[in-house]
Amino acid sequence: MKAAILEERKRSIGSGGVHGRGIDCDMNSVSGSVSQRACVYCGARVVLNPITDAFHIVHGPIGCASYTWDIRGSLTSGSELYRNSFSTDLQERDIVFGGAKKLTAAIAEIMEKHAPKLIFVYATCIVGVIGDDVDAVCRDAERIYGVRCIPVKSPGFSGNKSFGYKMACNAIMELISRHKTQKKVGGVNILGDYNLAGEMWIIENYLKEIGIPVLATITGDASYETLIKAPAASLNIVQCAGSMVYLASRMEEEMGIPYERVSFFGIEDTADSLLRVAALVGGAETVRRARALTERGAREILPATEAYRPYLEGKKAAIYVGGGFKAISLIRQFDAMGIETVVVGTQTGRPEDYEVIGGLVGENCVILDDANPTELETFMKLKGADILVGGVKERPLAYKLGVAFCDHNHERKHALAGYEGVVNFTKEIHRSINNPVWGYITPAIAPVTPVTESERF
Ligand code: SF4
């Protein structure tokens, strides 16, 4: 079978160097291309789900709720409520006569049994079709029970995953705006870290060590009480820009809190981020402590990373992750290991992310936005990738191809952020790439004849 690239997709595929710049991105998926992206609702849910003491009610068929049940491996230092899944389980009868009554009843039941302070109600595809007035139901709930009940307008078909991020950010603004007159007390909010495998705690500990207080974490390990303190911060630091720059911009405009983009993946990015935040929030002493921490961190992990280097040098990596910031950090991390990035793509990268990516990788590297499995498979084979770094949907693709895989998304159990994350990541890449199992595997799918360069563009 010969794989070809859909005509409409060609503008979203480029290569490194100057050609990587200016590919089409930040747009809706091409119909029929079987995008790897999740829907609008899923985008909203992954952002809000780590708020640990909130009730997340999915207004829609049960499938939407099960699809995203406990979707992130976000850890909690408090409530476990967020790990449950609540659905109004809309049926045919509700589609015909409307589902608003069922939603009202679900909220009443939750208030009677659990009396939470915060409820999110997600409107899914079918609610967008039948037009239930979710706003009115939430308004009534707030009036009757005194609870914050916030609609998240996220029908799956209403855009792309980035639109879901935006809807989640609007919901957070709806929650915290009532508290925006608080006096600024200094310190930072951490935006766009979801506490996978406890990564938020690593970042918080670094900031604590250099003397910078953290007011709110948005949304990893967040709770109602911590979120409403966010307007008192003097700086927002934004790790996952794809999901949180919109919220950061709104907080800057409406609450006067500036923001700074950071990344705590890799030695270089971690050090650079800590030093920049220290300079922005603290004085000379804070910067001195940050410098001491970053020098110590890099020094302590050097023996471990150097030990793996001979086993990794010369290998080739493919990257397909959610946002641009992560792809950029991963390219740098692979570079430090002596691994060449030969394929790199994201679900929600922005033009400025692809500008940076294009400058970091070589001309041999394929850059693609909003890829589908056929494209990933074709380019991984064409470029001879030894490992794919991705998320839950990319894992089976790699295994079917007989290629090593590293989960850099929801399901992982160990931290990949900060200095300890660099060691964990290097170890995992080594264990996966150099696993003897790959020598015994025959790829389970028929080989695809790669498209030629001229067919690609
Ligand atoms: S919101 Fe729509 S696209 Fe998303 S999971 Fe539900 S039915 Fe599927």
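The values are calculated or read from the model by the stated rules, or taken from the named source; none is laboratory data. Every value quoted in this text rests on a predicted model; they were computed, and no experiment measured them. Cβ atoms come from the backbone with ideal geometry, glycine included; neighbour counts cover every protein chain shown.
Here is a check on your reading of the model: is residue 363 touching a helix residue (DSSP H, G or I) at 6+ places or on another chain (Cβ under 6 Å), in a loop (DSSP other than H, G, I, E, B), at pLDDT below 95 and of a type outside the set (Gly, Ala, Ser)? Full working, then the answer.
Details: touching a helix residue (DSSP H, G or I) at 6+ places or on another chain (Cβ under 6 Å): yes; in a loop (DSSP other than H, G, I, E, B): yes; at pLDDT below 95: yes; of a type outside the set (Gly, Ala, Ser): yes.
Yes: the conditions hold for residue 363.
Considering only residues that are hydrophobic (A, V, I, L, M, F, W, C) and at positive phi, which ones fall in region 193-228? It would help to see each step written out before you state the result.
The initial filter retains those residues of region 193-228 that are hydrophobic (A, V, I, L, M, F, W, C), namely 196-197, 200-203, 207, 210, 212, 214-216, 218, 222, 227-228.
Selection gives 197 alone.
Which of the residues belonging to region 43-63 are over 19 Å from the mean Cα position of the chain (by Cα), within 16 Å of the ligand (Cβ to nearest atom) and within 27 Å of residue 242 (Cα to Cα)?
57, 58, 59, 60, 63
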If you go through 79, 33, 74, 87, the only one that is within 21 Å of the chain's Cα centre (by Cα) and of a type outside the set (A, V, I, L, M, F, W, C) is 74
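Tally the residues that are touching a Lys or Arg at 6+ places or on another chain (Cβ under 7 Å) and surrounded by fewer than 24 Cβ atoms within 10 Å (Cβ to Cβ), restricting the search to region 343-359. Give the steps one after another, and end with the answer.
Applying the first criterion (touching a Lys or Arg at 6+ places or on another chain (Cβ under 7 Å)) to region 343-359 yields 343, 347-348, 354-355, 358.
This time we only want the ones that are surrounded by fewer than 24 Cβ atoms within 10 Å (Cβ to Cβ), so: 355, 358.
Matching residues across region 343-359 total 2.
Out of region 105-130, which residues are surrounded by fewer than 17 Cβ atoms within 10 Å (Cβ to Cβ) and either assigned to a helix (DSSP H, G or I) or modelled with pLDDT under 95 (or both)? Spell out how you get there, then give the answer.
Kept after step one, since they are surrounded by fewer than 17 Cβ atoms within 10 Å (Cβ to Cβ), are these residues of region 105-130: 105, 108-109, 112-115, 117, 129-130.
Within region 105-130, 105, 108, 109, 112, 113, 114, 115, 129, 130 qualify.
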Answer yes or no: is there a residue in region 134-144 that is away from the ligand (no atom under 15 Å from the Cβ) and in contact with a Lys or Arg (Cβ under 6 Å, 6 or more places away or on another chain).
no
Unmet criterion (only one of (1) buried (at least 24 other Cβ atoms within 10 Å of the Cβ); (2) in contact with a Phe, Trp or Tyr (Cβ under 7 Å, 6 or more places away or on another chain)) for residue 395:
(1)
Provide a single number: the residues in region 64-94 that are within 14 Å of the ligand (Cβ to nearest atom) and at positive phi.
1
